[in-house]
Structures are given as C-alpha cells and as structure tokens.
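Remarks on the structure that follows.
Please treat every number below as a calculation from the coordinates, not as lab data. Being a predicted model, the structure only gives us computed values, none of them experimental. Positions of Cβ are generated from backbone atoms using ideal geometry, with glycine treated the same way; all protein chains shown enter the neighbour counts.
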Amino acid sequence: MDRKALLLITIFAEGGLIVLGLILMRYSQLELWSRMNISWNATAYALILCIPMFAMLFFVVRSRWMPLSRLKSELDERIMPIFANSKLPDLALIAFLAGVGEELFFRGWLQSVLTSKFEAWSGILIASAIFGLAHYLSTTYALYAGLTGLYLGVIYQASGNLYVVMVIHAVYDFIALVYLTGRGRKTGLRALGDIDGN
C-alpha cells in the first residue's frame, strides 16, 4: 500500500476511534482522567507486561502447529504487505494511534460499560470478542486479536489504569510491526526468530 495512503487511513480510522472513544466516555459519564495514572511506575509495569505478548509472537512465528503456521502465513501474505513501504516513524505513529484509539474505545468505553452492566468476566469476554471481530481478516487472526484483547482487558480490569494498556498495545504493535516487516531482522531483533522459519 502507498505510504501516504496508509498514514491517512490510519489517522482517519485510529484517530477517529480516539475521538469516538472520548465522546462515548463523556456520554456514558466515564471520567477519563480518573482512569489514567501516567507515571514511571505505570510505564515500567506496562513494559514488563509486554513480555508475554512478545513471547506469544515468538511462539507464533516459530511454531509448526498448523493453526499457528496458518496465522504466520496470513501475517506474511495479508497484513505485512500493507506496511511494506512504511518507514520507522510511520510504524511508530501507526502503533501510537492504535494503542491510544483502540484502548480508549474498547477498554476505556466498551469494556467499562459492559462490566458495569454484567459481571466483570462477561464484560471482558464480550469486549474482547468484539475487539477480535473488529480485527477480522481471517478467523485465525480474529481469534489471535480476541485473545490479545482478553489479555489487555484483564490487565485493565485489574489495574484500572487505561494508560497501562495503551502503552502495552502501542509498544507491542510497534515492535511487532518493525520485526514482521523485516526491519527488526536488520536492527537486532533476530532473537525473536526469523519469520520465514530459517
């Protein structure tokens, strides 16, 4: 995909989620700043909580199990070509907007509303399923996204800190995009394993 077109789509889509999330939170009387604890401790906590997500990425790209091999192929064939012409600052912007926009909407608003109406686990599961479906490119990818949403949902429910899940989401997306587009193999992320399995 053309680099400028991708950036415009990202700004419109993910930036739109930021605006929509803020509007819906205000409409639902959910106070944003009471859910945001921006601190060095929260940042360190978020970075530590990225580790299981990187471990899962490593497992996916190295696994020979058929469903995960299929997911790896889908990443190679359907998703990574979208980012092929992106530069590192582009990937950083895309990851930042996705982390902020998607977490504001899916965790900050949707999960908060659902957990206030149902039991906490029901709200988390419903929000995670919707998150997975919103990322539908294939059944396998939607399931992977749904599990990621579940992980983030549990962390948000336990911490009550939207900032933590925003950081996790943005950092994971950036590192995964850098690695999976091949730039990571050139900049020292070989330890995660070669996406081609070589």
Worksheet entry | Cα gyration tensor shape of segment 9-106, rounded if a/c is under 1.5, else prolate or oblate by comparing a/b with b/c | prolate
Worksheet item: Top mean-square fluctuation among 105, 54, 131, Gaussian network model of the chain, C-alpha springs under 10 Å?
Response: 54
Worksheet item: By how many nm would the segment from residue 73 to residue 2 lengthen if fully extended, with 0.36 nm per residue of separation less the alpha-carbon distance?
Response: 23.4 nm
Worksheet entry | Label corresponding to percent of Cα pairs over 29 Å apart when calculated from the structure given, among (1) 25; (2) 18; (3) 22 | (3)
Item to complete: Starting with the highest mean, order 150-162, 3-15 by the number of other Cβ atoms within 10 Å, averaged over the residues of each peptide.
Response: 150-162, 3-15
Practice prompt. Note down the relative contact order for the chain as a percent, whole number, built from C-alpha pairs under 8 angstrom at least six residues apart.
Written response: 33
